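What follows is a single structure, written as structure tokens, with notes after it.
Please treat every number below as a calculation from the coordinates, not as lab data. Just so we're clear, the structure is a prediction, and the values are computed from it rather than from any experiment. Here the Cβ positions follow ideal geometry from the backbone for every residue, glycine too, while neighbour counts run over all protein chains shown.
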Amino acid sequence: MPSTLTFITESIADSTVGVPVNFQLQASGGTPPYSFMITQGKLPPMLKLSKEGVISGIPKAEADTTIFVKLADKVGATLTQAFVVRVNPNPSPKRPQKLRARP
């Protein structure tokens, strides 16, 4: 008898505006293969969740949102869990300092 379907992933790592994201949601138990889908909420623009549980893309704006992800296994067992998704600002590049000529 298969074990109980469970999310191994407890939280989604914060990301940064303009930096590529490739984050794998992980599960255990039940009967693989697993599929993942968002049932409530939305990922920030330019990020997507594949049915294999990979969040990918390059976020273009700051965000702080909650999504509900449904995990399903091969025989139809399901589990839904909430995850916070944060996109932090990209620190602005420092302007080069002008060098003064020494007398």
Filtering chymotrypsin sites (Phe, Trp or Tyr not before Pro) in the stretch 1-88 by DSSP loop and by at most 11 other Cβ atoms within 10 Å leaves none
Charge dipole of the chain built from unit charges on the beta carbon (Lys, Arg +1; Asp, Glu -1), centred at mean Cα; most positive-end Cα among 89, 28, 72 is 89
Scoring the stretch 6-88 by relative contact order with C-alpha pairs under 8 Å, at least six apart, yields a percentage of 36 percent
Per the C-alpha gyration tensor (a ≥ b ≥ c, the square roots of its eigenvalues), the stretch 50-89 is rounded if a/c is under 1.5, else prolate if a/b beats b/c, else oblate; here it's oblate
Contour minus Cα-Cα span, residue 16 to residue 52, at 0.36 nm per residue, comes to 10.7 nm
Measuring from its Cα centre, the chain shows a charge dipole (+1 at each Lys and Arg Cβ, -1 at each Asp and Glu Cβ) which, in debye to the nearest 20, is 860 debye
Here Rg/Rh (Cα, Kirkwood) for the stretch 27-80 equals 1.04
Relative to the compact-globule estimate 2.2 N^0.38 Å (N residues), the Cα gyration radius of the chain stands at a ratio of 1.51
